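Please treat every number below as a calculation from the coordinates, not as lab data. Remember, predicted model here, so these are calculated numbers, not experimental data. Every residue, glycine among them, receives a Cβ derived from its backbone with ideal geometry; neighbour counts consider all protein chains shown.
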Amino acid sequence: MAEVYSLSQFFIAYQPDSSLLWRVVERSMISAQESEDPHAIGVAAWLAAQAHRDSGHAHFDTADAVNLETIRYLETFLPDAGNDVLAIAGALQFEAGYTAARRGDTGTAWRYWDTARAMADRLPAGYFHPVTSFSQAVMGAHAVTIAVELHAGAESVRQAAAADAATIPSRPRRARHRIEEARGYQLDGQTEAALAALDKAYEAAPETIRYNGYARRIVLEETDSKSPAQRRRASELAVKIGVLAA
């Protein structure tokens, strides 16, 4: 039941009904706790922390409270943990870093990322967590996200160059990484590279870019570019993702 609620949250988070979202978040956590399954509890907390963080700065402290309390709970299981429990604990470490980056706390954000990377290195090379995507393969993408949320354009581009998107097996997760790359390139003033990254996102998973607010904003902004070639490229992509009529 906890897994069904978690799956539901992936969809409901994009719907204009916050009361339904919070009802699902609460029931997911209750079901996970009743199961007494560390992995289920970790996944429910991972999603709850994201819901709080995405609700705005006023909810960052609550996101941290849920996140860090669950990390402490899972620590007792880590010495003998299987891959799934280790992965959800690592994913929570990254989420704590993500929230710190949203706050603009550079040192804390990268410290949590370093901890998450060390946990990812304990996983088998080919392992990929089915819910959070946590793995060795995704840590480069996570580094891009941290840099982007810190509004560090040059660092975002450096991390994007170091990350290998081809190693991410999930097409939607690969598309999200390309969107984060595009945000980094735009921060660094490389708008042509940003559009190229969004083209790759569309190739990886068209449905992911269609519903991503960051991607849609970048594309619409570039439809007003002073460069005719960039306007044309942005307009073509805008039609494909449904923000402009053909």
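Taken one residue at a time, the phi angles of segment 149-166 give Karplus couplings (6.51, -1.76, 1.60, θ = phi - 60°) of 5, 7, 6, 9, x, 4, 5, 4, 5, 4, 5, 5, 5, 7, 6, 10, 4, 5 Hz. Gly and Pro are set to x. Across the chain, Cα pairs under 8 Å and at least six residues apart give a relative contact order of 10 percent. With contacts taken as Cα pairs under 8 Å at a separation of at least 6 residues, segment 1-100 carries a relative contact order of 24 percent.
When the scattering of the chain is computed by the Debye formula from its Cα atoms alone, each counted once and equally, what is log10 I(q)/I(0) at q = 0.11, 0.17 Å⁻¹? The calculated log intensity ratios at q = 0.11, 0.17 Å⁻¹ are -0.59, -1.33. Springs join every pair of Cα atoms under 10 Å in this Gaussian network model of the chain, and among Ala44, Ala89, Ala125 the largest mean-square fluctuation is at Ala125. Compute a Gaussian network model of the chain, connecting alpha carbons closer than 10 Å, and tell me which residue from Ala81, Ala201, Ala229 fluctuates the most. Highest fluctuation of the listed residues: Ala229.
All C-alpha to C-alpha distances of segment 1-143, sorted into 10 Å bins beginning at zero, yield P(r) values of 13, 43, 36, 8, 0 percent in whole numbers. Computed over every Cα-Cα pair of segment 8-57 and binned at 5 Å starting from 0, the pair-distance distribution P(r) comes out as 4, 23, 31, 23, 13, 5, 1 percent. The Cα center of segment 223-246 and the Cα center of segment 98-148 differ in position by 33 Å. Pairwise Cα distances in segment 78-167 exceed 16 Å for 50 percent of all pairs. When Rg and Dmax are taken over the Cα atoms of segment 138-237, they come to 12.5, 37 Å. For segment 98-107, putting each phi into the Karplus relation 6.51 cos²θ - 1.76 cosθ + 1.60 with θ = phi - 60° gives couplings of 4, 5, 4, 5, 4, 6, x, 8, 4, x Hz, in residue order, rounded to whole numbers and with x for Gly and Pro. Ordering Ser35, Trp113, Leu78 by Cα displacement along the dipole of the chain toward the positive end leaves Trp113 in first place; charges were set at the Cβ atoms of Lys, Arg (+1) and Asp, Glu (-1).
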